[in-house]
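Right, one structure below, let's go through it.
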Amino acid sequence: MSKSLVVVESPAKAKTISKYLGRGFTVKASVGHIKDLPKSKLGVDVENDFTPHYGVIPGKEKVVKELRAAAKTVQSVYLAADPDREGEAICQHLAEELKGKGRNIYRVLFHEITKQAIQEAFKKPGHINSNKVEAQLARRILDRLVGYKISPLLWEKVRRGLSAGRVQTVAVRMIVEREQEIRAFKSEEYWNLVARLAGAQPPEFTAKARLFNGEKWKVGDEETIRGIVDGVKDAQFVVKRIHRREKKRYPVPPFITSKLQQDAASKLNYSVKKTMVLAQRLYEGVDVGDEGSVGLITYMRTDSTRVSEQALHEVRDLVKSKFGEAYLPHHPIYYKSKKTAQEAHEAIRPTSVDRSPESLAPYLDRDLLQLYTLIWRRFVASQMNPAVFDQTDVDIDAGRVEFRATGSIVKFNGFLAVYEEAKAEETQPEEGEQTVALLPEIKEGEILSLVELRPTQHFTQPPPRYNEASLVKALEANGIGRPSTYATILSTIQDREYVVKQDGKFIPTETGEVVTELLVDSFKDIFNYEYTARMEDHLDRIESGRERWNDTMRNFYGVFSERLATAQKEMRDLKSEEIETDEICEKCGRKMVIKWGKFGRFLACTGYPECKNTREIPKVCAIDANAALSDETEDLTCEKCGKPMVLKRGRFGEFMACSGYPECHNTKKIVKGAGEVTVKHDIALGELCPVCGKNLAIKHGRFGEYTACSDYPDCKYIKLKTTGVACPNCGGDIVERKSKRGKTFYGCSRYPECDFVLWNKPLPEPCPLCGAPFILEKTTKRTGTVRSCNKEGCDYKEKVAATA
């Protein structure tokens, strides 16, 4: 019989830990939180010092029952949830449910799931940290008060189903304000001047104008640049000054959560959510062959750059053996964390640096391996010598213009041998700007030959829209949210449809803009950047024991309740608001007004309810700062009803739609390229629709081309691609289909009568081993193309050689 019960959050973590503890322990998973505030009501007694009313989460009753049953047979319970506020709260709720007479309850903390770390943690168990529990409680109640008090107000003033969040609203505000900056931006013309020069020794090199008449270069029109070019092309190009210096580039610290999310987004194109899911798997344990399941990285929710002494010794030994003495600093490098960092945590690093990405390649799938490689390389690079460059600046006189050429040569690559940090979008070089890697041997006073003089026109660009990496960076810089919340924030604002992601960039929806405007106007303090950041500081103070959670709640609620009462009286009521326009109703001749509905603003007849005519307002969509609508797109008319087609933005991006909607549902896909937006037209086919008799056409949808009735969506016939394989269950055709998320699968054409499906493509070739009527083909980047048999018990599997 087990003498002790260990409770962790996830089954994967339970599996990894159980093999390190032996037979005296039973390890079970709570599968996350087991208790929370009720969904159906506020669940917080504001009048009674903000007392929360927690209950077992619906659906978790079975888990709690099993854990109680397991606890009855043991003397000690070890709670081993993650080492953060959420983990501490989970432990507190588990302790409340599993306590019993004479039963010991311990809290076990570890930051990596390795044999040594687990066994050390169980040798020195502690108790639940009440300060951490109270910090999580305060955050949960704050979020509940904001959400449950403001959301009904939005239902009343705007429409049902909307919600507000203490942090999510501030994140949306950032995106909305960036969009407003882009709209208000006035692009200005400017010109650069680049000279291609040759000295007595090769190679040729380029220099960029930096001064004109002794002042900083600033030319804003073509006439001026032409005059300068005419004056310079006959001038002598004389080397005025040569400045040589050694420049060092220092390594960056090992990852904290936000930096991992930013680099994974920039380098691997991973969403923040995907990064955290993969990191969780690497932390909880992956089967790596003979070792079995083992945690490969330390805890992934951290804002500390601290590294244990043992890990420092390991990585320094690796640097010395793998790269040599020249790459190893004389002493370990210690990085300073920000003031709010939890120094009990470590940075995100490999649990053993000896597990190189190459050694783990056979055991990790592509995504896990890429993320592990990123973490491993950053950690190794953090304990290496800086890269050294020989940099030379050459200033060249050419009459009224002074040019500068910059050459930079890597003298010693240092940490760059392993890792280079991703550049932020805002720091990317502009078009035409370049850094010369190699300059010829030249000397001061030397006269250079002019090979080419090239003026280039540019226009100032608006600030870029946020992507996931830059939004996390902005949230972090403003002190909004914490490492454990960024992924949730980004998911929530998209799930609420306050923002959409297009080409990886966040764009606010009309609903997002309106709700943000109303909330910021009515709750200036609550949804203020500085106030939100200060509230995070208050939570940190509660966690460190420097502040009581009840005091924080009272201070917050005093201000919040006042703002709420004022907003209930003064917030604009969009439901009843009508804005008069000059538009005339084509059905009754009355004027039309702008109203707010479930899907945003629309035009409605003032004769309602006698006249129920409505019309959609074409939305203004900024597709791209540099893209322009083609003439064809601007003048496009609907081939079904003759009304103009207008540019709209939906859940999955921009498209052209008939202005006669909802009577006409015609839409067309648009394509961006070469600075222009063009329309993807249907391609008519000679084949007739078996349902309505009209021609079939090749259409362009969200997931690519498909063949359907030319009258689609009025006639919903879609011709499915057949594979030539008969369904083994009913004899129907197996056809290619798409899931809701666009993933290709193969199913019987007689669905729903027959529900036979395959994820791999069936080929009409008999199995060479067992003679089954078809085989399957699967292609991945990692394994290439592999063919196999679908029949149970048949071992046929063959790799297909790649063809040019």
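What the table shows:
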quantity: Residues (among the aliphatic types (A, V, I, L, M) and either part of a strand (DSSP E or B) or under 34 Å from the mean Cα position of the chain (by Cα) (or both)) located in region 1-21; calculated: Leu5, Val6, Val7, Val8, Ala12, Ala14, Ile17
quantity: Verdict on Phe255 being among the aromatic types (Phe, Trp, Tyr), within 30 Å of Pro386 (Cα to Cα) and open to solvent by less than 40 Å² (accessible area, probe 1.4 Å); calculated: yes
quantity: For Tyr334: the one exception among (1) without any contact (Cβ under 8 Å) to a residue 40 or more places away in the chain; (2) aromatic (Phe, Trp, Tyr); (3) open to solvent by less than 10 Å² (accessible area, probe 1.4 Å); calculated: (3)
quantity: Residue that is nearest to Tyr419 (Cα to Cα) [pool: residues in region 258-267 that are open to solvent by 40 Å² or more (accessible area, probe 1.4 Å) and in contact (Cβ under 8 Å) with a residue 60 or more places away in the chain]; calculated: Lys267
quantity: Sole residue being small (Gly, Ala, Ser) and either surrounded by 16 or more Cβ atoms within 10 Å (Cβ to Cβ) or touching a Lys or Arg at 6+ places or on another chain (Cβ under 6 Å) (or both), chosen from Ser40, Ser18; calculated: Ser18
quantity: Scan of region 66-99 for residues that are open to solvent by less than 30 Å² (accessible area, probe 1.4 Å), farther than 19 Å from Ala12 by Cα and assigned to a loop (DSSP other than H, G, I, E, B), ordered by number; calculated: Val74
quantity: Residue satisfying condition, being more than 30 Å from Gly147 (Cα to Cα), modelled with pLDDT of 95 or more and touching a helix residue (DSSP H, G or I) at 6+ places or on another chain (Cβ under 7 Å), within set Pro455, Pro462; calculated: Pro455
quantity: Subset of region 22-34 that is under 29 Å from the mean Cα position of the chain (by Cα) and part of a loop (DSSP other than H, G, I, E, B) - its residue that is nearest to Val8 (Cα to Cα); calculated: Ser30
quantity: Residue count for region 127-156, restricted to those that are buried (at least 23 other Cβ atoms within 10 Å of the Cβ) and basic (Lys, Arg); calculated: 2
quantity: Residues satisfying the stated conditions in region 36-54, i.e. part of a strand (DSSP E or B) and farther than 28 Å from Leu278 by Cβ; calculated: Val44, Asp45, Thr51, Pro52
quantity: Matching option when the condition is in contact with a Ser or Thr (Cβ under 9 Å, 6 or more places away or on another chain), acidic (Asp, Glu) and at pLDDT 90 or above, among Glu543, Glu570, Glu578, Glu547; calculated: Glu570
quantity: Cβ pairs under 8 Å, 6+ apart, first in region 405-418 and in contact (Cβ under 8 Å) with a residue 12 or more places away in the chain, second open to solvent by less than 20 Å² (accessible area, probe 1.4 Å) and of a type in the set (Ser, Thr, Tyr); calculated: Ala405/Thr206; Phe415/Ser382
quantity: Residue match in region 373-384 (condition: out of contact with any strand residue (DSSP E or B) (no Cβ under 8 Å at 6 or more places or on another chain), open to solvent by 40 Å² or more (accessible area, probe 1.4 Å) and of a type in the set (Gly, Ala, Ser)); calculated: no
quantity: Residues being part of a loop (DSSP other than H, G, I, E, B) and open to solvent by 60 Å² or more (accessible area, probe 1.4 Å) - total across region 55-65; calculated: 2
quantity: Residue ID - modelled with the lowest pLDDT, chosen from residues in region 1-15 that are surrounded by fewer than 17 Cβ atoms within 10 Å (Cβ to Cβ) and out of contact with any strand residue (DSSP E or B) (no Cβ under 6 Å at 6 or more places or on another chain); calculated: Met1
quantity: Residue selected from region 300-331 under the condition in a loop (DSSP other than H, G, I, E, B) and within 20 Å of Val418 (Cα to Cα), by the criterion most open to solvent (accessible area, probe 1.4 Å); calculated: His330
quantity: Any chance Glu705 is of a type outside the set (Gly, Ala, Ser) and more than 36 Å from the chain's Cα centre (by Cα); calculated: no
quantity: Residues of region 539-553 classified as over 18 Å from Glu88 (Cα atoms), in contact (Cβ under 8 Å) with a residue 60 or more places away in the chain and of a type outside the set (S, T, N, Q), total; calculated: 1
quantity: Verdict on Tyr250 being among the hydroxyl-bearing types (Ser, Thr, Tyr), within 32 Å of the chain's Cα centre (by Cα) and open to solvent by 10 Å² or more (accessible area, probe 1.4 Å); calculated: yes
quantity: Residue match in region 672-684 (condition: among the acidic types (Asp, Glu) and at pLDDT 75 or above); calculated: yes
quantity: Residues located in region 782-799, provided they are part of a loop (DSSP other than H, G, I, E, B) and without any contact (Cβ under 8 Å) to a residue 60 or more places away in the chain; calculated: Thr783, Asn790, Lys791, Glu792, Gly793, Cys794, Asp795, Tyr796
quantity: Long-range neighbours under 8 Å by Cβ, at least six apart or interchain, first residue within 30 Å of Val514 (Cβ to Cβ) within region 177-196, second open to solvent by less than 60 Å² (accessible area, probe 1.4 Å) and in a strand (DSSP E or B); calculated: Glu179/Ile507; Glu179/Pro508
quantity: Some residue of region 282-299 being more than 16 Å from the chain's Cα centre (by Cα), closer than 18 Å to Ala381 by Cβ and in a strand (DSSP E or B); calculated: yes
quantity: Selection count, region 100-126, where residues are open to solvent by less than 40 Å² (accessible area, probe 1.4 Å) and under 21 Å from Thr351 (Cβ atoms); calculated: 9
quantity: Residue that is nearest to Leu278 (Cα to Cα), among those in region 345-365 that are part of a loop (DSSP other than H, G, I, E, B) and without any contact (Cβ under 8 Å) to a residue 60 or more places away in the chain; calculated: Ala361
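Matching residues to (1) at pLDDT 80 or above; (2) in a loop (DSSP other than H, G, I, E, B):
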{"position": "Arg601", "(1), (2)": "yes, no"}
{"position": "Pro618", "(1), (2)": "no, yes"}
{"position": "Cys621", "(1), (2)": "no, yes"}
{"position": "Gly642", "(1), (2)": "no, yes"}
{"position": "Leu647", "(1), (2)": "no, no"}
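So that you can scan it fast, the table gives a plain yes or no per residue for (1) at pLDDT 90 or above; (2) touching a Pro at 6+ places or on another chain (Cβ under 9 Å); (3) surrounded by 11 or more Cβ atoms within 10 Å (Cβ to Cβ); (4) closer than 22 Å to Pro728 by Cα:
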{"site": "Lys740", "(1), (2), (3), (4)": "no, no, no, no"}
{"site": "Pro752", "(1), (2), (3), (4)": "no, no, no, yes"}
{"site": "Trp759", "(1), (2), (3), (4)": "no, no, yes, yes"}
{"site": "Pro766", "(1), (2), (3), (4)": "no, yes, yes, yes"}
{"site": "Phe774", "(1), (2), (3), (4)": "yes, yes, yes, yes"}
{"site": "Lys781", "(1), (2), (3), (4)": "no, no, no, no"}
{"site": "Thr785", "(1), (2), (3), (4)": "no, no, yes, no"}
{"site": "Asn790", "(1), (2), (3), (4)": "no, yes, yes, yes"}
{"site": "Cys794", "(1), (2), (3), (4)": "no, no, yes, yes"}
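The values are calculated or read from the model by the stated rules, or taken from the named source; none is laboratory data. What you see is a predicted model, and the numbers here were worked out from it, not measured in a lab. Every residue, glycine as well, gets a Cβ built from its backbone with ideal geometry; the counts of neighbours run over all protein chains shown. We work out accessible area using only protein heavy atoms, side chains counted, and drop any ligands, DNA or RNA first. Shrake-Rupley method; radii C 1.70, N 1.55, O 1.52, S 1.80 Å.
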